[in-house]
1. Do any chymotrypsin sites (Phe, Trp or Tyr not before Pro) in segment A:1-72 lie in a loop, going by DSSP, with at most 13 other beta-carbon atoms within 10 Å of their beta carbon, and if so which?
2. Taking GluC sites (Glu not before Pro) as exposed when DSSP calls them loop (any state but H, G, I, E, B) and at most 10 other Cβ atoms lie within 10 Å, what is the longest stretch of chain A free of them, the sites themselves excluded?
3. Which lysines, on any chain, are close to A:Lys11 with Cα under 28 Å apart, when same-chain ones fewer than 8 places away are left out?
4. With label points built 7 Å along Cα→Cβ from the Cα atoms of B:Ser69 and A:Thr76, find their separation and express it in nm.
5. When only DSSP loop residues count, what GluC sites (Glu not before Pro) in segment B:17-111 have their Cβ near at most 16 other Cβ atoms within 10 Å?
6. What's the local net charge at A:Arg84, with K and R +1, D and E -1, over the other residues with C-beta under 15 Å away?
7. On full extension of the chain, what length is gained from A:Lys15 through A:Asn62, given 0.36 nm per residue of separation minus the C-alpha to C-alpha distance?
8. Cross-link partners among aspartates and glutamates for A:Lys17, C-alpha distance below 19 Å, same-chain residues fewer than 8 apart left out?
Amino acid sequence: GAGVSQTPSNKVTEKGKYVELRCDPISGHTALYWYRQSLGQGPEFLIYFQGTGAADDSGLPNDRFFAVRPEGSVSTLKIQRTERGDSAVYLCASSLGGGASNNEQFFGPGTRLTVL
Amino acid sequence: GQSLEQPSEVTAVEGAIVQINCTYQTSGFYGLSWYQQHDGGAPTFLSYNGLDGLEETGRFSSFLSRSDSYGYLLLQELQMKDSASYFCALDLSGGYNKLIFGAGTRLAVHP
């Protein structure tokens, strides 16, 4: 079946601009996560959705970052007034939710964001 | 807060066995996961230890010792395609699956 998809695969923007990154999770997965990965580092947790609600947004670095999941499926990560330090690969993952016993998250290919 | 430490790089030859260690500091957690990531690819799940001891999945095994704040991933019969980065991650869930990842270990398998 289809995996997690993310669009765009690459996004180049200028400092100060607004960007939206989209994630389509695996059908039926109620849990959705956003991570950010810098070169040579592990994924850094940003936010977790269970259904439509953001159950944990403790990883969002500041109020320029916001994410929504209005219908409990597709999610959009929104970054306002982008800064060069926001450049990274943004990963989306989904899982069955409800505390799946083996903790498996399915990751998308990521969106590489470059802020010039 | 939480922290995890892994070796940055490991080198091995095809057919060999390699162990990637992970030590961590946390006040509480539910389990330790391992993910593989090829260059330019998405992380993929390998293994999860919710309890102390060894979990075996084909050529890969993972171990957890809570008393030692330590875990490892064991890869047997190494193949060239195993060249990738390997991440340990703490599951802080409490009902969901919030993962805190280490910086990763880059494994290079040589013929």
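1. Values: sites: A:Tyr18, A:Tyr33, A:Trp34, A:Tyr35, A:Phe45, A:Tyr48, A:Phe49, A:Phe65, A:Phe66; in loops: A:Tyr18.
Passing both the DSSP loop test and the Cβ count: A:Tyr18.
2. Working: sites that count: A:Glu14, A:Glu71.
The segment A:15-70 is the longest one with no such site.
3. A:Lys78, B:Lys98
4. Between B:Ser69 and A:Thr76, the simple spin-label model gives 4.3 nm.
5. Working: sites: B:Glu55, B:Glu56, B:Glu77; in loops: B:Glu77.
Here the GluC sites (Glu not before Pro) that fit, given the DSSP loop and packing criteria, are B:Glu77.
6. Numbers: positive: A:Lys11, A:Lys15, A:Lys17, A:Arg36, A:Arg64, A:Arg81, A:Arg112; negative: A:Glu14, A:Glu83, A:Asp86.
Around A:Arg84, the surrounding residues sum to +4.
7. Details: separation 47, 0.36 × 47 = 16.92 nm, distance 1.61 nm.
Full extension from A:Lys15 to A:Asn62 adds 15.3 nm.
8. List returned: A:Asp63, A:Glu83, A:Asp86.
Bear in mind these aren't lab numbers, they're just calculated from the coordinates by the rules spelled out. All values reported here derive from a predicted model rather than from experimental measurement. Using ideal geometry, Cβ is built from the backbone for each residue, glycine included, and neighbour counts are taken over all protein chains shown.
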